[in-house]
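Undergrad: Handing you this structure, nothing more for now.
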Amino acid sequence: MAKFGGRETVFGQGDPATNVMYIQEGGVKLTVVNESGKEAVVAILGPGDFLGEGCLAGQSICMATATTIASTTVLVIEKDKMIQVLHYESELSDRFIAYVLARNLRVEEDLIDQLFNSSEKRLARTLLLLARYGARGQPERVLPEISQEMLAEMIGTTRSRVNFFMNKFRKLGFIQYSNKRGIQIDQTLLSVVLHD
């Protein structure tokens with residue numbers, strides 16, 4: 001088990017890929033940087049999510065940088081041990097396969113969202129996903145503090161556009177800011193995503 005504070009690097013793009021990690025609490029953002037130095041947030045992961053699983057598919061280096069977005073605890077499993085456990089523990093194997101397939105679908109949905117939806121819809125969808133609407137169990141309803149810069153990176157727009165839409169969402173009652181608890185998300189925000 002490993003514990004990290006907020007904004008700490010768990011692993012870097014180009015580091016050796018040797019472990020699978022399971023997030024027990026907290027959250028991690030995955031970013032990639034291209035050759036010209038442009039950075040993009042490709043995923044935000046939370047409790048119950050795996051990261052580093054590319055090593056199981058033969059990746060020798062990490063394809064992204066994982067940085068904590070809050071105090072985070074992860075279970076670190078060496079590649080060989082994870083392979084062994086997947087062979088002998090059918091329940092874990094089934095759960096892991098279901099997770100990987102669901103994450104693959106999410107990546108496809110993210111790509112479609114990025115290509116065809118407005119930045120307003122992308123922001124609404126991202127907020128709902130961060131609040132885990134549609135996931136098993138109860139949604140979070142309250143997001144940990146997340147900056148508008150990070151949201152802008154995630155949806156591929158500017159911070160000023162995110163600020164404009166966040167103010168609009170707040171005025172419409174879709175979100176509410178709480179000094180102590182972060183951003184409260186109301187399920188009516190779904191109407192932005194579903195509206196054509």
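The values are calculated or read from the model by the stated rules, or taken from the named source; none is laboratory data. Just so we're clear, the structure is a prediction, and the values are computed from it rather than from any experiment. Virtual Cβ from ideal backbone geometry, glycine too; neighbours counted across all protein chains shown. We work out accessible area using only protein heavy atoms, side chains counted, and drop any ligands, DNA or RNA first. Shrake-Rupley method; radii C 1.70, N 1.55, O 1.52, S 1.80 Å.
Undergrad: Looking only at the stretch 173-196, decide whether some residue is assigned to a helix (DSSP H, G or I), more than 22 Å from the chain's Cα centre (by Cα) and modelled with pLDDT of 85 or more.
TA: Looking through the stretch 173-196, none of the residues is assigned to a helix (DSSP H, G or I), more than 22 Å from the chain's Cα centre (by Cα) and modelled with pLDDT of 85 or more.
Undergrad: Just checking, does the stretch 1-11 include any residue being open to solvent by less than 50 Å² (accessible area, probe 1.4 Å), within 25 Å of residue 154 (Cβ to Cβ) and at pLDDT below 95?
TA: Scanning the stretch 1-11 turns up at least one residue that is open to solvent by less than 50 Å² (accessible area, probe 1.4 Å), within 25 Å of residue 154 (Cβ to Cβ) and at pLDDT below 95.
Undergrad: Also: Could you tell me which residue of the stretch 12-30 is farthest from residue 153 (Cα to Cα), considering only residues that are open to solvent by less than 40 Å² (accessible area, probe 1.4 Å) and among the β-branched types (Val, Ile, Thr)?
TA: Ranking the qualifying residues of the stretch 12-30, first place goes to 20.
Undergrad: State which residue pairs qualify: first residue open to solvent by 100 Å² or more (accessible area, probe 1.4 Å) and inside the stretch 149-177, second residue aromatic (Phe, Trp, Tyr) in any location, beta carbons under 8 Å apart, and separation of 6 or more residues or different chains.
TA: Matching pairs, first to second residue: 170/177.
Undergrad: Can you list residue pairs whose Cβ atoms sit under 8 Å apart, with the first residue in the stretch 99-117 being free of Cβ contacts under 8 Å to residues at least 40 places away in the same chain and the second being in a helix (DSSP H, G or I) and not hydrophobic (A, V, I, L, M, F, W, C)? Count only pairs 6 or more apart in sequence or on different chains.
TA: 113/121; 113/122; 113/125; 117/125
Undergrad: For the stretch 178-190, name all the residues that are over 15 Å from residue 118 (Cβ atoms) and in contact (Cβ under 8 Å) with a residue 60 or more places away in the chain.
TA: Correct list: 190 only.
Undergrad: Another question about this same structure. For residues that are of a type outside the set (D, E, K, R) and in a strand (DSSP E or B), tally how many sit in the stretch 1-36.
TA: Going through the stretch 1-36 one residue at a time, the tally reaches 17.
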